[in-house]
Amino acid sequence: MMNDLKYKIEGGAIVNRNTGRAIPDDEPVFVLRARDWLSLVTLREYVTLCEEDGCSQAHLQRVRAAIVQFMRWSRQHPELLKRPGEPAPTTGRTLEDGGNGRTKG
């Protein structure tokens, strides 16, 4: 979580950088990692849903910045990309194609 734009770890809790409020221990949290080759397609869909729902520009900017970070990381570390739920990285996949050879367009 140290690379997250919205949250940070503080005193063992996940804390919102803007409000300073911790996520309650009983609230579920879902984490996407850049090494998950489906993460980028998921983030792109999420930003589209946020746009359609009228989310704030600040939130949209954070999500778009995360997309850029995920793309940059995947280009620097393609050997670490892997299918979700599998222990070993899988070569020949990229975040840009959603990890499964699909192309955008």
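The values are calculated or read from the model by the stated rules, or taken from the named source; none is laboratory data. Just so it is clear, the model here is predicted, and its values are computed rather than measured. Every residue, glycine as well, gets a Cβ built from its backbone with ideal geometry; the counts of neighbours run over all protein chains shown.
Only residues that are in contact with a Leu (Cβ under 9 Å, 6 or more places away or on another chain) and either in the same structural domain as residue 9 (by TED's automatic domain parsing) or not in a helix (DSSP H, G or I) (or both): list them for segment 44-79, please.
Result: 55, single match.
If you go through segment 19-38, how many residues are modelled with pLDDT of 95 or more and either within 23 Å of residue 71 (Cβ to Cβ) or not in a loop (DSSP other than H, G, I, E, B) (or both)?
Qualifying residue count for the region: 1.
I'm trying to understand the selection: among the residues of segment 15-32, which are farther than 25 Å from residue 84 by Cα, among the hydrophobic types (A, V, I, L, M, F, W, C) and surrounded by fewer than 10 Cβ atoms within 10 Å (Cβ to Cβ)?
Hits for segment 15-32: nothing passes.
List the number of the failed condition for residue 11; all other conditions in (1) modelled with pLDDT under 95; (2) surrounded by 12 or more Cβ atoms within 10 Å (Cβ to Cβ) hold.
(2)
The rows are residues; the columns are (1) modelled with pLDDT of 90 or more; (2) over 15 Å from residue 38 (Cα atoms); (3) loosely packed, with under 12 Cβ neighbours inside 10 Å; (4) of a type in the set (Asp, Glu).
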| residue | (1), (2), (3), (4) |
| --- | --- |
| 55 | yes, yes, no, no |
| 59 | yes, yes, no, no |
| 75 | yes, no, yes, no |
| 80 | yes, no, no, no |
| 86 | no, no, yes, yes |
| 89 | no, no, no, no |
| 95 | no, no, no, no |
| 101 | no, no, yes, no |
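Among the residues that make up segment 36-43, is at least one of them loosely packed, with under 11 Cβ neighbours inside 10 Å, assigned by TED's automatic domain parsing to the domain that holds residue 82 and under 17 Å from the mean Cα position of the chain (by Cα)?
Checked segment 36-43: no residue is loosely packed, with under 11 Cβ neighbours inside 10 Å, assigned by TED's automatic domain parsing to the domain that holds residue 82 and under 17 Å from the mean Cα position of the chain (by Cα).
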